[in-house]
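See below for the structure under consideration.
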Amino acid sequence: MNKESIYGLTYDQLTEWLMSHGHKKFRATQVWDWLYKKRVTEFSQMKNVSKEIIQLLEDHFAIQTLELHTKQESADGTIKFLFKLKDGNLIETVLMRFKYGLSVCVTTQVGCNIGCSFCASGLLAKSRDLTSGEIVEQIMNVQHHLDKVEKDERVSHIVVMGIGEPFDNFVNLVSFLNVVNDQNGLAIGARHITVSTSGLSNKIYEFADMNTQVNLAISLHAPNNELRTSIMKINRAFPLEKLMDAVDYYLEKTNRRITFEYIMLEGVNDHKEEALQLAALLRNKRHLSYVNLIPYNPVDEHIQYQRSEQKSIEEFYETLKKKGINCGIRHENGTDIDAACGQLRSKQIKKAKA
């Protein structure tokens, strides 16, 4: 029997489940503490939990449903994990080191249907959503790795920017956020978590209505519909007019800043003309906007795209700044270990087919 991950339950759900099986509420607190503070890897390690409850948990849940397939470590300390799921699918998770702490980039789907023409993670179509437990377990596996090396380090930040479109797996995404944010567990602050979307406008409204402190990032990559549609097919369903209406709603509802991700593609979206169009697009919301200019990681399967020259990136940046747009150029991590999202996964699948 394929048991579901215990990490898929929020604290309230775990409490309700145990009580429905005849146990008292405080037992859920004990189990939760063993999972997220003491971070056991087997139910039998829960020392103050009765054998009856341990057996009950073992009969219905698993702590480890992800198997480490491959691990790559960069010279800058970035570690990319390739995990194998129970059904044999592969997903990527990345640990990044910054001055402000340790950030983990998690995956939310097996494959991706958004179809951005420059992206490695979209090379394989979506086959399924990850469960909330599988998303949480990515964080836990990275934390277990940190525990093993005994440097007393903990995951402090999360970016939901791995393979897949997080808002296309909205229910499991929300459950994941509730688990990792729980103050009695991992206690990763909402303001230390960022969710990225390619622009599913309808879900941006829902996310705004949640009134969460979790940060929102939007993969924009182009300042006009014609160009955006040519590189991001999602723009056909949610053109910039719809997207910006949703952004305005989000800003009005939350008064929280949005980050706009902008990958710099040589000769495609990196001219001064596009910089001026982007500044105009964000003019009336620039007080709550930040543009993150991202040097492109070339992918073998998308040879039509190359990284913009450093001079072009800097001129684009200067044009935005002169127009009053807050912006920056992203610092790169893990450039020596298949840095592009989805790249390691696609390479391993190719090897398996060879």
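The values are calculated or read from the model by the stated rules, or taken from the named source; none is laboratory data. The structure presented is a predicted model; accordingly, all values stated were derived computationally and were not measured. Positions of Cβ are backbone-derived with ideal geometry, glycine not excepted, and every protein chain shown enters the neighbour counts. With ligands, DNA and RNA removed, areas are computed over all heavy atoms of the protein, side chains included. Shrake-Rupley method; radii C 1.70, N 1.55, O 1.52, S 1.80 Å.
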Zone reached by a paramagnetic label modelled 7 Å from ILE329 Cα along Cα→Cβ, restricted to segment 270-300 with backbone N below 13 Å, covers 293-296
Under 15 Å between alpha carbons, and skipping anything fewer than 8 positions from LYS253 in its own chain: which aspartates and glutamates qualify?
GLU206, ASP209, ASP245
So which lysines pass the test for LYS148, namely a Cα distance under 23 Å, with those fewer than 8 places away in the same chain ruled out?
LYS37, LYS38, LYS47, LYS71, LYS80, LYS84, LYS99
Mean ellipticity per residue at 222 nm, deg cm²/dmol - from DSSP H runs of n ≥ 4 across the chain, formula -39500 (n - 2.57):
-11000 deg cm²/dmol
How large is the accessible surface per residue of the chain, computed with a 1.4 Å probe and reported in Å² as a whole number?
46
With +1 on each Lys and Arg Cβ and -1 on each Asp and Glu Cβ, and nothing else charged, work out how big the dipole of segment 166-266 is about its Cα centre, in Debye to the nearest 20.
80
HN-Hα couplings for segment 186-193 via Karplus (6.51, -1.76, 1.60; θ = phi - 60°), in whole Hz with x for Gly/Pro, come out as 5, 6, 7, x, 4, 6, 9, 10
Taking only Cα atoms, what is the 0 to 90° angle, nearest 10, from helix 51-60's long axis to the longest principal axis of the chain?
40
Share of accessible surface on carbon and sulfur in segment 115-228, whole %, 1.4 Å probe and ligands ignored, is 46
So for MET46, MET161, what's the accessible-area order with a 1.4 Å probe, most first?
MET161, MET46
Can you give the net charge of the other residues whose Cβ lies under 10 Å from the Cβ of ASP168, counting K and R as +1 and D and E as -1?
0
Relative to the first principal axis of the alpha-carbon coordinates of the chain, what is the inclination of helix 343-353, with its axis defined by its Cα atoms, in degrees from 0 to 90 and to the nearest 10?
70
Relative to the longest principal Cα axis of the chain, at what angle does helix 240-254 sit, 0 to 90 degrees, rounded to 10?
50
Rounded to a whole %, the carbon-and-sulfur portion of the accessible area of segment 1-48 at a 1.4 Å probe is 47
Give me the dipole magnitude in Debye, nearest 20, for the chain about the Cα centre, with unit charges on the beta carbon: positive for Lys and Arg, negative for Asp and Glu.
340
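What number comes out for the charge environment of GLY77, summing +1 per Lys or Arg and -1 per Asp or Glu over other residues with Cβ under 14 Å away?
Value of the local net charge: 0.
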Could you compute how fast segment 76-230 diffuses translationally, taking Rh as the Kirkwood radius over C-alpha pairs and applying Stokes-Einstein at 10 °C with viscosity 1.306 mPa s? Give it in µm² per second.
98
Give the share of C-alpha pairs in each 5 angstrom bin for segment 3-55, from 0 to the last occupied bin, in whole percents, shortest bins first.
4, 21, 33, 31, 12, 0
